[in-house]
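Down below is the structure, laid out as structure tokens.
The values are calculated or read from the model by the stated rules, or taken from the named source; none is laboratory data. In this text the structure is predicted, and so the values were computed from the model without any measurement. Cβ placement follows ideal geometry from the backbone for every residue including glycine, while neighbour counts extend to all protein chains displayed.
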Amino acid sequence: MPCKYIKPPSIDAYITRHRPAAKTMKRGYLLIGKHANSCFESISQWDLASIPDNLNIIGATANFYLANFDSSGSIEIEVYPIVSHWKPSHTSLKHPPLTSPCPIAVDCVSATSKQLSFGITALVKEWQCHKGSNFGILLRMKEPDISCQVISLFSGNYRDSRLWPYIEIMYNPPDEIPCIYKPETINISDTVQTANDWSYTKPLDIFKYNYTYIISNTGTKPAVVYLAVSADCHYWLEQSAKYTLAPGESAALVSNIITRFARVTFRSLNSNQKTTLSICTQGRTT
């Protein structure tokens, strides 16, 4: 079943009675519960603009990785949809965001838990149909006055992106209309003059092609050529042997690794003996 993963949240933070979300938006953790005289709740909001309006969503979960929970028991964490606009600079437990009266999902956390997962399929479908209604969710510990426990979850600002909160959306793939596939091709020819120092052809973006460089020495003096590849067009790696081409000889240069950029490196074999090379690049996507 195909899935889409959306991470990290566009906004996530914890709030207390005297600490608004704006002051904790850059923290690496989300706090929920009660400790001493402080209560903690957390807010998360994801940007779902990339979800097509016609995507057939069949399931959605909001997922959080547990950072710390020091208890031998288990505690329920509730998720409430936020139903109106809120500002991080003004939102705290003293001025909480407006939420639905009842939680939309509940999950239990225990000493053996590694992750919290909340089923929010109906909520994500609502956000899909009415994008302006996506104000995020609020995480609250059930009966924090009784438990006097605090759990911490990794936030979207944690240094390890693998532990960021994410929404997983499961969907049915759209019906595809059969069509005739026409591969894209590349066919570029160039003529260059060698010199005593190494010279290079213009780098080509060949990431999606299976390609070959054909180099022919059309001059009267020998030359040396080789293929170079790069991931960023800055650092280059030799990707073939150095070929010595006598006048009238040709060579085919092919990379055996996948990179985005490629170019041919060339020079005269002997000092002050320039020659002419014909370089043809051909490839196709399949």
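Per-structure values
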read-out: Among (1) at pLDDT 90 or above; (2) surrounded by 11 or more Cβ atoms within 10 Å (Cβ to Cβ); (3) farther than 30 Å from THR265 by Cα, the one test that ARG159 misses; value: (2)
read-out: Residue under evaluation LYS221, criteria (1) closer than 12 Å to THR194 by Cα; (2) out of contact with any Ser or Thr (no Cβ under 7 Å at 6 or more places or on another chain), criterion not met; value: (2)
read-out: Residues (assigned to a strand (DSSP E or B) and under 14 Å from LYS202 (Cα atoms)) located in the range 227-267; value: LEU227, ALA228, VAL229, SER230, PHE261, ALA262, ARG263, VAL264, THR265, PHE266
read-out: Sole residue being basic (Lys, Arg) and over 19 Å from LYS4 (Cβ atoms), chosen from LYS125, LYS142, LYS131; value: LYS142
read-out: Residues satisfying the stated conditions in the range 112-134, i.e. assigned to a loop (DSSP other than H, G, I, E, B) and surrounded by 13 or more Cβ atoms within 10 Å (Cβ to Cβ); value: SER113, ILE120, ASN134
read-out: Some residue of the range 101-111 being surrounded by 15 or more Cβ atoms within 10 Å (Cβ to Cβ), of a type in the set (Ser, Thr, Tyr) and out of contact with any Phe, Trp or Tyr (no Cβ under 6 Å at 6 or more places or on another chain); value: no
read-out: Of all residues making up the range 268-286, the number that are surrounded by 14 or more Cβ atoms within 10 Å (Cβ to Cβ), hydroxyl-bearing (Ser, Thr, Tyr) and under 16 Å from ILE206 (Cα atoms); value: 1
read-out: Residue under evaluation GLY156, criteria (1) part of a loop (DSSP other than H, G, I, E, B); (2) in contact with a helix residue (DSSP H, G or I) (Cβ under 8 Å, 6 or more places away or on another chain), criterion not met; value: (2)
read-out: Residues of the range 122-138 classified as free of Cβ contacts under 8 Å to residues at least 40 places away in the same chain and aliphatic (A, V, I, L, M), total; value: 1
read-out: The lone exception for GLY28 - which of (1) in contact (Cβ under 8 Å) with a residue 40 or more places away in the chain; (2) crowded, with 19+ Cβ neighbours inside 10 Å; (3) not aliphatic (A, V, I, L, M) it fails; value: (2)
read-out: Condition met for THR220 (among the β-branched types (Val, Ile, Thr), out of contact with any Leu (no Cβ under 8 Å at 6 or more places or on another chain) and at pLDDT 90 or above); value: yes
read-out: Selected residue [within 30 Å of ILE77 (Cα to Cα) and modelled with pLDDT of 90 or more] from TYR209, TYR243, TYR166; value: TYR166
read-out: Residue within the range 6-22 that is in contact with a Phe, Trp or Tyr (Cβ under 7 Å, 6 or more places away or on another chain) and among the basic types (Lys, Arg) present; value: yes
read-out: ILE58 assigned by TED's automatic domain parsing to the domain that holds CYS129, touching a residue at least 40 places away in the same chain (Cβ under 8 Å) and loosely packed, with under 14 Cβ neighbours inside 10 Å; value: yes
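For (1) closer than 25 Å to ARG284 by Cβ; (2) in contact (Cβ under 8 Å) with a residue 24 or more places away in the chain; (3) surrounded by fewer than 17 Cβ atoms within 10 Å (Cβ to Cβ), each residue gets a yes or a no:
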{"position": "ASN187", "(1), (2), (3)": "yes, yes, yes"}
{"position": "ALA195", "(1), (2), (3)": "no, yes, yes"}
{"position": "LEU204", "(1), (2), (3)": "yes, yes, no"}
{"position": "SER250", "(1), (2), (3)": "yes, yes, yes"}
{"position": "ILE258", "(1), (2), (3)": "yes, yes, yes"}
{"position": "ARG263", "(1), (2), (3)": "yes, yes, no"}
